[in-house]
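One structure below.
Please treat every number below as a calculation from the coordinates, not as lab data. These numbers come from a predicted model, not from an experiment. Note that we place each Cβ from the backbone using ideal geometry, even for glycine, and neighbour counts take in every protein chain shown.
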């Protein structure tokens with residue numbers, strides 16, 4: 001199933017996901033390059049909500065650009081299999097080798113604003129990330145490692161503290177939504 005079909009089949013949890021789903025489908029129908037950063041306005045990314053087996057903790061990285069504790073993830077860079085992108089990014093950014101996919105398809109949809117910044121010495125203009133989030137499980141005893149060019153910390157955070165550790169106010173409702181969905185998903 002291609003990305004467009006996956007997004008079409010995604011069942012929104014709330015109004016934010018419904019509106020973002022509609023916009024993502026519009027962008028897919030409008031642009032031919034939404035899987036690459038060649039599209040300077042908007043492009044797809046994949047992120048992860050990595051939980052422990054007990055569903056009491058979330059694995060987060062301290063993101064160097066955003067100077068905040070955040071989920072793992074990255075750009076599609078031409079790969080239409082965003083689950084593959086999500087798993088690759090989770091491994092690269094945390095060192096985890098044994099990740100279990102829990103969600104049957106996309107777990108969350110978000111369109112995120114990205115302010116202009118410098119990355120690897122180059123200016124990156126403000127743009128949108130069309131993000132598909134996946135729910136993963138990992139063993140919290142597995143050894144973690146930092147990806148120094150992107151993050152300066154990797155740690156398990158109590159699930160009810162996640163919204164307190166982020167320095168990005170726009171991410172608080174997103175992380176809270178992912179936790180709220182997890183409660184429903186568990187039951």
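All conditions in (1) surrounded by fewer than 21 Cβ atoms within 10 Å (Cβ to Cβ); (2) out of contact with any helix residue (DSSP H, G or I) (no Cβ under 7 Å at 6 or more places or on another chain); (3) over 28 Å from residue 9 (Cβ atoms) hold for residue 41, with the sole exception of (3).
Restricted to the stretch 45-54, and to residues there that are in a loop (DSSP other than H, G, I, E, B) and touching a strand residue (DSSP E or B) at 6+ places or on another chain (Cβ under 7 Å), the residue that is farthest from residue 148 (Cα to Cα) is 53. Strands (runs of 3 or more DSSP E) fully within the stretch 55-111 that include at least 2 residues being without any contact (Cβ under 8 Å) to a residue 60 or more places away in the chain: 72-75. What are the residues in the stretch 27-38 that are part of a loop (DSSP other than H, G, I, E, B) and either free of Cβ contacts under 8 Å to residues at least 40 places away in the same chain or farther than 19 Å from residue 74 by Cβ (or both), if any? Scanning the stretch 27-38 gives 31, 32, 33, 38.
Condition check ((1) buried (at least 19 other Cβ atoms within 10 Å of the Cβ); (2) closer than 19 Å to residue 65 by Cβ) across all residues:
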| site | (1), (2) |
| --- | --- |
| 93 | yes, yes |
| 96 | yes, no |
| 104 | no, no |
| 107 | yes, no |
| 141 | no, no |
| 172 | no, yes |
| 175 | yes, yes |
